[in-house]
Amino acid sequence: MTEVSDYRRPARVGIAINTVIALGVGSIPLLDRGGPSLDEDWLRGLGLIGILLIPPLLAAVGLRWPGALLPAGVVSIPMCLMSFSFILFPLLIPASLYLVAYGDAKVTFKARVPAPLVAVLTVALLFAAFFSLFLHEDPYCYEIVQRKDGSTFERSVRSSVDQGTASLGYFSSGYGGGRRVIESGCSSDSVTGTEAATSLGLVVIAGASAAFLSAPRKKLHV
């Protein structure tokens, strides 16, 4: 029992750290009000949270079936590169803890598929889930309009052409009543509902298949 408790301890610490990072980083799109709409922020946030939560979920499975700890650790390493900044580099901490836990675990059963192959499959599916968020270019533009009383509201426009003469700091002909555009911007891509659904579907497949394949083989009784 001592050996089981020892390998579970670093795994549990890794799960806690990993979950905090996933929820924290995934919530950034929800806090970034530079985009055109809250709906698209939610889609981006949910897609990212779903991907980042796979390692701690696999590690949780690994508390019972230690073979799942290897894919949990391996998957976390390339996830550090999903961002162009260093914001995801702390994932190396739970990744190391999962691998340490896997090394300390005493696997007394044969899994359906060897852990290294499960890790490769999971990495492939999660990267497919990440890049599916950018399957198609969906450009958008937005503008933030200030009312006469100082309050603001956000308006999404289809493209920079649709913005017309609603230039920053000038009264927009589409509003009137002393309202003016105080901020505007464009992006070459946005996350659509289809892209988000595809990504979350691949995330579910990745997590379910890794958990299933890491489970012990069942002997067939004839």
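The values are calculated or read from the model by the stated rules, or taken from the named source; none is laboratory data. From a predicted model like this one, the values you see are computed outputs, not experimental measurements. Glycine also receives a Cβ, built like all others from the backbone with ideal geometry; neighbour counts cover every protein chain displayed.
From the set of residues in region 18-68 that are outside any helix (DSSP H, G or I) and under 10 Å from the mean Cα position of the chain (by Cα), which is modelled with the highest pLDDT?
L53
Does V161 satisfy the condition of being assigned to a helix (DSSP H, G or I), at pLDDT 70 or above and out of contact with any Leu (no Cβ under 8 Å at 6 or more places or on another chain)? Against the criterion (assigned to a helix (DSSP H, G or I), at pLDDT 70 or above and out of contact with any Leu (no Cβ under 8 Å at 6 or more places or on another chain)), V161 does not qualify. Is it true that L117 is within 15 Å of P55 (Cβ to Cβ) and either under 14 Å from the mean Cα position of the chain (by Cα) or not small (G, A, S) (or both)? Taking the combined requirement at face value, the residue does not satisfy it.
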